[in-house]
Each structure stands twice: as structure tokens, then as C-alpha cells.
Amino acid sequence: MDWITANEARLSAFNARIWEHAEPAWREYKSVRDYVEILRAEGFEVEEGSGQMPTAFAARWGQGEGGPVLASFSEYDAVPGNSQQVVPHKAPRDGVHPYAAGHTDPHSVLGTAALTAILAAKSAMQAHGVPGTLKLFGEPAEKVCGSKPIHAAKGYFDGLDAAVVWHPWPSNTVTGETHFGAYWSAVISFEAEAPEKWVDPSLMPIDASHAIARCPGAVDALCLMYTTTKYTKEAMFPHSGSWTLNEFILGDGGATSDNLPPRFSQIQYSWRSSSLAIQEQIWKVLAANARHVAAITGCRAFVRWVTKTRVGLPNTAMTELTWANLQEVGAPAYPEEALEFGRAIQRNLGLEPMQDPFIASVSRLTPPEENEAKLRAGLPPWQKHLSADDYVEYSWHCPTVRLLAARPRLRPPQPGYAYPAWAYNALGGLPAAVDPGMFVAGRTMALTLLDLAAGPDALAAAQAEFRERTGGGVGGSRWVGPLLPADFDPPVDLRWPEYVSTPRGEEWCIPTPHAGTGAGEPL
């Protein structure tokens with residue numbers, strides 16, 4: 001705890017730097033550079049580009065003979081469309097498109113707290129001669145649940161004894177029996193490989209290639225895929241189990257030719273549910289739709305998997321251990337600077353500023369059983385998982401706990417009121433608002449790591465439960481292995497948005513507009 005107190009200013013500045021980078025999935029070049037630099041300076045061995053992912057890393061430090069191998073992870077990706085300055089009014093960052101990326105949860109805080117915990121645990125283990133190994137994984141692209149299934153498939157989690165992870169949350173608690181569910185994502189591509197074969201050109205009595213019937217091509221395939229999937233969504237799975245399916249269209253740059261059949265198009269589907277069986281059923285319908293619309297439009301259909309996660313595996317022993325440490329650390333306390341920033345947001349939205357502008361749950365501790373009851377209040381008894389996050393990959397390789405620690409959310413003036421996203425994002429970049437929860441998380445995780453390293457009974461209890469739940473541990477009768485193959489090709493070469501350097505300067509992937517978003521005049 002003394003080490004964290006002495007290093008708070010340095011780690012707060014590190015977090016602010018990651019927040020300012022605001023780099024999106026698979027493109028976190030500056031962020032990963034900063035992590036590698038600080039970890040090497042602290043004596044860690046660091047593999048850059050782990051798992052064939054340029055913005056991932058695997059860091060290791062150890063001392064003594066034997067001792068457990070304990071892990072955590074840092075995330076650092078931002079979210080397109082959420083650019084915001086640290087001001088109490090709507091203000092995307094200057095110099096880039098208004099829909100550039102920004103941190104939402106924020107993952108800058110998530111990653112820095114895990115870094116804090118690992119470095120503090122290392123300091124204490126060194127001071128007291130505690131044997132063991134600490135590993136910190138750099139996990140890019142969490143918003144597409146990208147890297148952890150790949151690290152798992154390629155063996156990076158093999159041999160771990162326990163993992164301590166966390167997420168910023170509207171409360172301070174520890175996840176209990178209900179963990180997050182599965183998230184799968186795939187890019188469906190349509191390619192018109194031979195549009196000239198669509199029709200016999202001799203049917204036209206004159207040589208006028210643009211006058212004959214044109215192959216529908218890849219854009220029509222994409223449109224039919226989009227529409228057909230909307231029609232068949234009702235038939236994928238009953239409206240229960242809290243499952244969702246969303247899509248995004250990836251651009252192909254083909255707009256500079258208007259009279260040729262569109263040759264290439266891509267649409268990304270992402271779906272989450274409470275079980276792997278539901279995930280398979282949804283994919284079955286998507287794959288059938290893609291094959292059929294490709295045949296209709298003179299195209300071929302292809303799939304490029306982005307990710308496939310498992311569902312979370314609880315560990316009560318780890319929950320109880322971490323809850324005891326969270327109680328020792330206590331809830332965050334927010335300084336006047338953070339409170340006044342929240343009030344300024346409320347004033348700028350035309351609301352009456354509140355003495356305490358933050359929801360009550362961020363300043364108190366919530367027992368895990370209370371959190372569990374709240375989660376389960378709206379779920380059917382058969383549903384064991386909710387939402388999705390790729391931290392679940394760790395839980396199938398070793399006993400894993402997921403701590404939840406607060407980041408401020410504004411208190412609504414009346415039930416049902418929703419603050420705009422920019423307000424949430426602006427608070428996420430204010431050190432006075434996010435540092436309290438970040439260091440509660442760092443301290444709590446550090447204590448848990450040290451309990452596992454120095455207290456063999458705690459680790460033994462967690463591992464016994466892990467073996468019981470998996471039917472014998474890794475490879476056991478109820479164990480679920482990685483869903484991606486070991487030779488999986490990470491999708492880092494797909495057209496993910498990023499910052500680019502052009503003769504005009506550094507821009508978002510959408511050119512910086514002359515005014516507003518560049519959308520033009522209202523219709």
C-alpha cells in the first residue's frame with residue numbers, strides 16, 4: 001500500500017496519457033509502447049506482439065524457486081464515435097473528425113489499475129522474499145473481445161495458477177455466481193469474382209457492354225444479407241436469454257467507379273448470449289443467409305472470424321478473498337474538484353446542480369450477494385450468464401476473480417433521465433473523478449495477488465473449486481477449451497478504423513471535415 005501511495009502521481013499521469021491516445025481496437029500503437037516501456041523499466045521481461053497481435057504484449061517477472069504463477073491484464077482500446085475533451089460540455093477533440101475514438105468505460109483506467117496492482121505486488125514480494133511469478137497481459141481490442149481468445153488459443157494462459165481482473169463499474173463489489181456470457185463476431189465478405197459471366201454479351205446486338213444486364217454484385221449481396229438477417233432474426237432464438245445481434249458495414253473504397261459491378265463488400269456481425277448453444281444457432285442462420293444471398297447476386301460468400309469467447313466460470317473462494325480485501329481498502333472518496341465538474345455538467349445541461357452529483361453506489365461498498373441478487377432479478381432461473389466480455393477466457397484456465405470498482409456516474413434528476421454520452425466520457429478523463437476508483441481497484445487486486453502468493457491455503461481452496469467446477473481442471477470432463485484454433489490468424493489486417501498520416505496531417509480514418517461532421521446540408 002505504501003508503494004501505491006508513493007507512485008500514485010506517476011500512475012495517474014500514465015493513465016491520463018493512455019486516455020489521450022484514444023486508440024481504437026487493434027490500432028493501439030502508442031498505448032502498447034507506453035506499457036512496454038514502463039514494464040521493462042520495472043524489471044519485467046516483455047514479449048511485444050504476443051499471439052501475432054502487434055498491439056498485444058505478455059510481461060513476466062519472477063523470483064525464487066517455485067511459487068504460484070499469478071496473472072492480470074491491461075486493456076487500452078478506445079471506442080470510435082466517442083471523442084471528447086475533459087470539459088463539462090460537448091467538445092470532441094480538436095484536429096480530428098468528431099466521430100474519432102474516445103475512452104468510454106474507460107479502458108485507460110482499467111489497464112492502469114491492473115498495472116498498479118502487478119507493480120505493487122512485485123514490490124512487496126521483493127521486499128519480503130516471496131517466491132512466485134507475476135504476469136501482466138496486454139489485451140488489445142476488448143471492445144470486439146479480440147485478444148484474449150487468441151492468447152488462450154495460442155497457449156499463453158497455460159500454467160497460470162490464478163488470475164485477478166477487474167472492470168470499472170457503477171458500484172464497488174465482486175462478481176459472484178453470475179458471470180458474463182459469450183461474444184462471437186465474424187466479418188462476412190461478398191466478392192463478385194467473375195461478373196462478366198452473369199449474362200451472355202451476345203444477347204445485345206451492338207458492342208455496348210454497359211447496356212446489357214449488369215451483375216448485381218457485392219453491394220446487392222450485402223444489402224440482401226442485411227435485410228434477410230433482419231427478417232430471420234425472429235427465427236434465430238426465442239426472445240429470452242438476453243441475446244443481442246448487431247452489425248456494421250465496412251467500406252471498400254469503391255465509390256470512385258459508378259458504372260461497374262461492385263466487386264467486394266463486407267458486413268460484420270457481432271452477437272452475444274448466455275450459452276454457446278445459442279451462439280451456434282445464431283451462426284447457423286447467418287451462414288445460411290450469406291450462402292443464399294451470394295448465389296442470388298452472382299457472388300461468393302466468405303467468413304473471417306474476429307472472435308469467439310466462452311462464458312464465465314465462477315470461483316466463490318476467489319470472490320470471498322477479494323471481497324475481504326475490498327472491505328479493507330474501502331470505497332472511493334471523491335474530491336471537490338470531481339464533484340464540481342459533475343455539477344458543471346448538470347448546469348450546462350440546464351439541470352439544477354446537486355450537492356453530490358454522483359450516484360450513491362459509487363461511494364459505498366456493495367456486498368457480492370447484493371450485487372448477485374440485483375443481477376438475477378430480471379433473469380430466468382435457467383440463465384446463468386449475462387452480457388459479454390472476454391475476461392471469461394481466463395476463467396477456464398485458472399481460478400479467476402472479477403472485481404468491480406467504481407467510476408463516477410451522474411445522478412439523474414428524475415427516474416428515466418439519460419445523460420448524453422459525452423458527459424460520461426468527459427468524466428472518464430478527469431483524474432479527480434477516476435483516480436479514486438482506479439486506486440481502490442489497484443490496492444484491492446494487489447492485496448489479493450499477495451494473499452495468493454504468500455498464503456497457500458487461499459490458493460489451494462480456489463484451485464480445488466476450479467477442479468470441481470471443471471470436472472478435474474484443464475482438460476477435465478466439464479472443461480471448455482478455447483473456441484479458436486491454435487493457428488488462428490488474428491484479424492489485425494481487416495479495415496479497422498485508425499488514425500492516419502496524410503499530406504493534410506494526422507487524421508482519423510474519416511478525413512477531418514471543414515465544418516461539423518462533414519455530412520452536408522439537412523435534407
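The values are calculated or read from the model by the stated rules, or taken from the named source; none is laboratory data. Only a predicted model underlies this, so the values are computations on that prediction, with no experimental measurement involved. Cβ atoms come from the backbone with ideal geometry, glycine included; neighbour counts cover every protein chain shown. Side chains are part of the model used for accessible areas, which takes the heavy atoms of the whole protein and leaves out ligands, DNA and RNA. Shrake-Rupley method; radii C 1.70, N 1.55, O 1.52, S 1.80 Å.
Quick rundown of the values:
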| quantity | calculated |
| --- | --- |
| Contacts under 8 angstrom Cβ, first residue in segment 1-16 being in contact (Cβ under 8 Å) with a residue 12 or more places away in the chain, partner open to solvent by 50 Å² or more (accessible area, probe 1.4 Å), 6 or more apart | 12/431; 15/431; 16/431 |
| Which numbered condition residue 121 misses (of (1) farther than 20 Å from residue 392 by Cα; (2) touching a Gly at 6+ places or on another chain (Cβ under 8 Å); (3) not in a strand (DSSP E or B)) | (2) |
| Count of segment 145-156 residues which are surrounded by 24 or more Cβ atoms within 10 Å (Cβ to Cβ) and either modelled with pLDDT under 95 or not polar (S, T, N, Q) (or both) | 7 |
| Residues of segment 166-179 satisfying the condition of being surrounded by 23 or more Cβ atoms within 10 Å (Cβ to Cβ) and within 8 Å of residue 402 (Cβ to Cβ) | 166, 174, 175 |
| Selected residue (criterion: nearest to residue 23 (Cα to Cα)) from residues of segment 74-106 that are open to solvent by less than 10 Å² (accessible area, probe 1.4 Å) and in contact with a helix residue (DSSP H, G or I) (Cβ under 6 Å, 6 or more places away or on another chain) | 77 |
| Residue in segment 243-261 that is under 21 Å from residue 288 (Cβ atoms), of a type in the set (Gly, Ala, Ser), out of contact with any His (no Cβ under 8 Å at 6 or more places or on another chain) and modelled with pLDDT under 90 present | no |
| Criterion: in contact (Cβ under 8 Å) with a residue 40 or more places away in the chain and within 30 Å of residue 199 (Cα to Cα) - qualifying residue of 307, 297 | 297 |
| Residues (open to solvent by 40 Å² or more (accessible area, probe 1.4 Å), more than 20 Å from residue 79 (Cβ to Cβ) and under 21 Å from the mean Cα position of the chain (by Cα)) located in segment 486-498 | 489, 493 |
| Hey, residue 113 within 19 Å of residue 16 (Cα to Cα), aliphatic (A, V, I, L, M) and open to solvent by less than 20 Å² (accessible area, probe 1.4 Å) or not | yes |
| Meets criteria (open to solvent by 10 Å² or more (accessible area, probe 1.4 Å), outside any helix (DSSP H, G or I) and not polar (S, T, N, Q)) for residue 419 | yes |
| Qualifying residue in segment 291-301 (condition: in a helix (DSSP H, G or I) and crowded, with 19+ Cβ neighbours inside 10 Å) | yes |
| Matching strands (runs of 3 or more DSSP E) fully within segment 124-229 where at least 3 residues are of a type outside the set (Phe, Trp, Tyr) and over 19 Å from residue 73 (Cβ atoms) | 179-191 |
| Identity of the residue in segment 368-395, part of a strand (DSSP E or B) and not hydrophobic (A, V, I, L, M, F, W, C), that ends up nearest to residue 160 (Cα to Cα) | 385 |
| Qualifying residues in segment 4-35 (those that are of a type in the set (Lys, Arg) and closer than 24 Å to residue 148 by Cα) - the one most open to solvent (accessible area, probe 1.4 Å) | 33 |
| Candidates 402, 343, filtered to the one that is outside any helix (DSSP H, G or I), modelled with pLDDT of 95 or more and either in contact with a strand residue (DSSP E or B) (Cβ under 9 Å, 6 or more places away or on another chain) or open to solvent by less than 40 Å² (accessible area, probe 1.4 Å) (or both) | 402 |
| Sole residue being under 30 Å from residue 330 (Cα atoms), open to solvent by less than 60 Å² (accessible area, probe 1.4 Å), of a type in the set (Gly, Ala, Ser) and touching a residue at least 60 places away in the same chain (Cβ under 8 Å), chosen from 460, 446 | 446 |
| Per-region count, segment 309-333, residues assigned to a loop (DSSP other than H, G, I, E, B), open to solvent by 30 Å² or more (accessible area, probe 1.4 Å) and in contact with a strand residue (DSSP E or B) (Cβ under 8 Å, 6 or more places away or on another chain) | 1 |
